[in-house]
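Accompanying notes for the structure given below.
Read-outs throughout are calculated quantities, based only on the coordinates presented, and are distinct from any laboratory measurement. Worth saying up front: this structure is predicted, and the values here are computed from it rather than measured. Note: ideal-geometry Cβ built from the backbone for every residue, glycine included; neighbour counts use all protein chains shown.
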Amino acid sequence: MKVALTGSIAYDYLMSFPGHFKEHILADKLESISLSFLVDKMVKRRGGIGPNIGYTMALLGGDPILFSTVGQDFDEYRSWLEDKGVDTSGVRVIEDDFTASFFATTDRDNSQISSFYPGAMSYAADVKISDWKGEKIDLIVVSPTDPAAMNLYIDEASELDIPYLYDPSQQTVRLSGADLRKGVEGAYGLFVNDYEFGLIEKHAELSIDDIQNLVEILVITKGDQGSLIYVDGKEILIPVVPPDKIIDPTGVGDAFRGGFLTGMSYDLDLELCGKIGALAAAYCLETDGPQSHSYTKDEFIHRFRQHFDDQGKLEILL
Ligand SMILES: Nc1ncnc2c1ncn2[C@@H]1O[C@H](COP(=O)(O)OP(=O)(O)OP(=O)(O)O)[C@@H](O)[C@H]1O
Ligand SMILES: [Mg+2]
């Protein structure tokens, strides 16, 4: 099953300042702030929602294709993704700009000063799925990116008659109540965390009952409390897989989605999809960064069976 992932593609530049910002902020000179921090550590990480979800899907043998825009600095990221099995043929390069970039400096108190440059992501709405000449797309995932592009993909899904999962995540705060309502109304499924679900209820003025009536599948994730799947009037609780250690939560929601979507690709029942998502999320928590975890399908299945009974169904991944 070919799954189109439309979320952002970005780099994160993460720096550490071995001091305290607050000691350098002069209350009587706020009109002329001029600060430069010599940092002692920097990492550049591949991130963005589309590739994060696609990375986990590829590890598990799914068939993801990215649709988005990137800048002149994308070559090494493209090779990395293609090597792992993520199709980047729907990604367009904007030659005179850079891939969306997040720059954050953290000090010893964990205070953070950061900037996000959307760069090429601002052109995301120029990439139309209907222009793509490849294989048939079976499912579209509308994830955070430029808000105009998110609205475009909702319209395209309906024009092309392809079901879509609505995954507004961080952009829930940027979309209007009307946008959110439209996104939910046309969706095959809605994927959100608990907080985002509350925002949708408030701004789109939809109750949980309304939403269950509108979508086939509703998935609400609740961090270390696991997740809930609402389907056919039933509520299925998916417990977490306890991580061996928690190194970094960045990308945990995306890894969960990657696992869930791979389960859906193989037509596995939704409870099993949720459990695959839970284990994929645990792996992500155990490493630094959203695409640093790695496992073979055999290792994944072996660990899965220490927590859940798949009745042999995960053999299909092999
Ligand atoms: N501390 C944890 N221990 C085990 N599993 C976890 C933990 N935190 C998250 N998960 C797993 O990941 C899933 C998604 O987590 P969460 O609800 O925090 O997503 P999110 O808020 O969208 O995360 P993100 O910060 O990536 O946006 C959970 O349903 C759970 O299965
Ligand atoms: Mg999230």
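With +1 on each Lys and Arg Cβ and -1 on each Asp and Glu Cβ, how big is the dipole of segment 58-126 about its Cα centre, in debye rounded to the nearest 20?
Computed charge dipole of segment 58-126: roughly 220 debye.
Under 29 Å between alpha carbons, and skipping anything fewer than 8 positions from residue 2 in its own chain: which lysines qualify?
Within the straight-line limit of under 29 Å, residue 2 reaches these lysines: 84, 128, 133, 136, 182, 222, 234, 275, 297, 313.
Taking only DSSP H segments of four or more residues, each worth -39500 (n - 2.57), what value at 222 nm results for the chain once the sum is divided by all its residues, to the nearest 500 deg cm²/dmol?
It comes out at -9500 deg cm²/dmol, rounded to the nearest 500.
Compute the length gained on full extension between residue 297 and residue 318: take 0.36 nm times their separation in residues and subtract their Cα-Cα distance, giving the result in nm to one decimal.
Stretched fully, the residue 297-residue 318 segment lengthens by 6.9 nm.
If you rank 55, 283, 117 by fewest surrounding Cβ atoms within 10 Å, what's the result?
With the fewest neighbours first, 55, 283, 117 line up as 117, 283, 55.
Report the net charge of residues surrounding residue 237, where surrounding means a beta-carbon distance below 14 angstrom and charges are Lys +1, Arg +1, Asp -1, Glu -1.
So the environment of residue 237 carries a net charge of -1.
Output wanted: per-residue J couplings in Hz (rounded whole) for segment 125-134, from phi through Karplus 6.51 cos²θ - 1.76 cosθ + 1.60, θ = phi - 60°, x for Gly and Pro.
Values, residue by residue: 5, 7, 8, 9, 5, 5, 7, 6, 9, x Hz.
What nm value, rounded to one decimal, do you get for the distance between residue 2 and residue 32 when each label is placed 7 Å out toward the C-beta?
According to this spin-label approximation, the distance is 6.1 nm.
In percent, what relative contact order does segment 1-121 have, based on Cα pairs under 8 Å that are 6 or more apart in sequence?
With pairs under 8 Å counted, the relative contact order is 34 percent.
Segment 134-196 to segment 44-71: how many Å between their Cα centroids?
17
Cut-off 19 Å, label point 7 angstrom out along Cα-to-Cβ of residue 40: give me the residues of segment 91-121 whose amide nitrogen falls inside.
Only 104-113 pass the distance filter.
Arrange 276, 316 by Cβ neighbour counts within 10 Å, fewest through most, would you?
316, 276
Within segment 47-198, what percent of beta bridges assigned by DSSP are antiparallel, to the nearest 5?
Of those bridges, close to 40 percent are antiparallel.
Taking the simple approach of a point 7 Å from Cα along Cα-to-Cβ for both residue 73 and residue 92, what is their distance in nm?
2.2
If amide H atoms are built 1.01 Å from N in the plane of the peptide, which residues on other chains or at least 5 residues away come under 5 Å of the amide H of residue 10?
47, 48
Would you list 145, 105, 172 from fewest to most Cβ contacts within 10 Å?
Lowest count first: 105, 172, 145.
Averaging sequence separations of C-alpha pairs under 8 Å and six or more residues apart, then dividing by the length of the chain, give the relative contact order as a whole percent.
Computed over the chain, the figure is 16 percent.
Less than 13 Å Cβ to Cβ from residue 43, Lys/Arg counted +1 and Asp/Glu -1: what total charge do the surrounding residues give?
Once positives and negatives cancel, what remains is 0.
Once you list every other residue whose beta carbon is under 12 Å from the beta carbon of residue 109, what net charge do they have if Lys and Arg are +1 and Asp and Glu are -1?
Once all neighbours under 12 Å are counted, the net charge is 0.
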